[in-house]
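Reading through the structure tokens given below for one structure.
Any read-out appearing in this document is the output of simple, stated calculations on the displayed coordinates, not a laboratory observation. Quick caveat, the model's predicted, so the values are computed rather than measured. Every residue, glycine among them, receives a Cβ derived from its backbone with ideal geometry; neighbour counts consider all protein chains shown.
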Amino acid sequence: MREGSATAGSLLEFRDLHKSFGRSEVLHGVDFRVARGEKVCIVGPSGSGKTTLLRCLNLLVEPTRGQLYYKGEQIGSWPGGARVGLSGYRSRIGMVFQHFELFPHLTALQNLTLGPRHVRHEGRSAAEARALQLLRHVGLEAFANAHPRTLSGGQKQRVAIARALAMQPDLILFDEPTSALDSEMVDEVLELMRRLANEGMTMVIVTHELGFARDVADRIVVMERGAVVEEGPAETMFSAARSQRTRDILRVGVKR
Ligand SMILES: Nc1ncnc2c1ncn2[C@@H]1O[C@H](COP(=O)(O)OP(=O)(O)O)[C@@H](O)[C@H]1O
Ligand SMILES: [Mg+2]
């Protein structure tokens, strides 16, 4: 049987991704790809499978069917499994969650150094120096020794983004990074994400912030009920989407 191959230029690609939980299939054959340096925003109503898609991309959940390619190589095929070590693969892909998921018992600095020290085996002083530099980059150097509970939501999410960067990932997946924030803190996080985008980071962002998506995304993917409704360049999707459903979703946005 002929082996499939990745689309030329894709950094990460999942072909024909199906995911079931028990008997219930929640992703029905999604094709997803992101190129190096590309910013892809995923938009769609609650329950459409956006989080499950992200979690399959970094193999935090086991896909049911499909082929996963990374840097042009097939690194897994389901049913079957991954051909590479999960922890090495995941360490290349940063993840930023809606509810931050910082380690509550660790300081901001320790949240940033944990992965580099234990997964990348960096020495303590090198990891700390880089962590401080990253905290400065996100405007939180003064909070290096603060615990998450003492930080605002916006500060926590900026620490979480810095933590993702500390692993020097090839790309970062963001799952509704501003949905849990009070409205006055949304902008500081979006501003930081815009900065990362301008710096060339490869980003996959699930978001309901349509203005942000329009500005930052190279490509918009609209999902509903476990499938991609439509995808295309941001300017086309907002001005000349093919499907009425896409136009509705991108006009009114969708709330959780
Ligand atoms: N661990 C799980 N077990 C069972 N069903 C799940 C699980 N995670 C998600 N689902 C279901 O999968 C569907 C898609 O969920 P999700 O990916 O969280 O959507 P979204 O992020 O777009 O809101 C939903 O119907 C949800 O209930
Ligand atoms: Mg979700």
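Evaluate the charge dipole of the chain about its Cα centre and quote only its size in Debye, nearest 20, assuming +1 on the Cβ of each Lys and Arg and -1 on the Cβ of each Asp and Glu.
My answer is approximately 480 debye.
Report the gain in length on full extension from Leu106 to Arg36: 0.36 nm times residue separation, minus Cα-Cα distance, nm rounded to one decimal.
22.0 nm
Counting other C-beta atoms within 10 Å, and keeping those with at most 12, which DSSP coil trypsin sites (Lys or Arg not before Pro) do you find in region 21-65?
Here the sparse-neighbourhood loop sites are Arg23.
Mind listing the long-range amide H neighbours of Met223? Cut-off is under 5 Å, sequence gap 5 or more, other chains count too, H placed in the peptide plane at 1.01 Å from N.
Amide H neighbours of Met223: Val43, Gly44, Val229.
Give the angle, between 0 and 90 degrees and rounded to the nearest 10, that separates the Cα long axis of helix 153-166 from the longest principal axis of the Cα atoms of the chain.
Orientation of helix 153-166: about 80 degrees from the principal axis.
What's the longest bit of the chain with no exposed GluC sites (Glu not before Pro), using DSSP loop states and at most 10 other Cβ atoms within 10 Å as the test?
Counting only loop sites that pass the neighbour cut-off, the longest clear stretch is 4-198.
Rounded to the nearest 500, what is the 222 nm mean residue ellipticity of the chain from helices alone, with -39500 (n - 2.57) per DSSP H run of 4+ residues and division by all residues?
The helix-only estimate for the chain comes to -10500 deg cm²/dmol at 222 nm.
Please sort by residue number the trypsin sites (Lys or Arg not before Pro) in region 72-166 whose DSSP state is loop and whose Cβ has at most 13 other Cβ atoms within 10 Å.
In loop regions of region 72-166 (DSSP not H, G, I, E or B), the sparsely surrounded trypsin sites (Lys or Arg not before Pro) are Arg83, Arg120.
Considering only Gly66, Cys41, Thr7, whose Cα is most displaced toward the positive end of the charge dipole of region 1-74, charges sitting on Cβ of Lys, Arg (+1) and Asp, Glu (-1)?
The Cα lying farthest towards the positive end belongs to Cys41.
Applying 1/(1 + (r/R0)^6) with R0 = 22 Å to the Cβ-Cβ distance of Ser46 and Asp215, what FRET efficiency is obtained, to the nearest 0.05?
With R0 = 22 Å, the Cβ-Cβ based efficiency is 0.40.
Non-local amide H neighbours of Leu171 (under 5 Å, H modeled in plane, Pro and chain starts lacking H): which ones?
The list, which skips near neighbours in sequence, is Gly94.
For region 125-139, in order, what is each residue's ³J(HN,Hα) by Karplus, 6.51 cos²θ - 1.76 cosθ + 1.60 with θ = phi - 60°, in whole Hz (x at glycine and Pro)?
Rounded to whole hertz, the list is 5, 5, 5, 5, 5, 5, 4, 5, 4, 5, 5, 5, 4, 9, x.
What spacing in nm lies between the two simple spin-label points modelled at Ala240 and Asn198, each 7 Å away from Cα in the Cβ direction?
With each label placed 7 Å out from Cα toward Cβ, I get 3.0 nm.
Report the calculated FRET efficiency for Ala129 and Ser5 (r = Cβ-Cβ distance, R0 = 45 Å), to the nearest 0.05.
Between Ala129 and Ser5 the formula returns 0.65.
Using every pair of alpha-carbon atoms in the chain, split the distances into 10 Å bins beginning at 0 and state the percent of pairs per bin, rounded to integers.
7, 30, 35, 22, 6, 0
Efficiency by 1/(1 + (r/R0)^6): what FRET value for Asp248 and Leu86, r their Cβ-Cβ distance, R0 = 35 Å, to the nearest 0.05?
The computed FRET efficiency comes out at 0.35.
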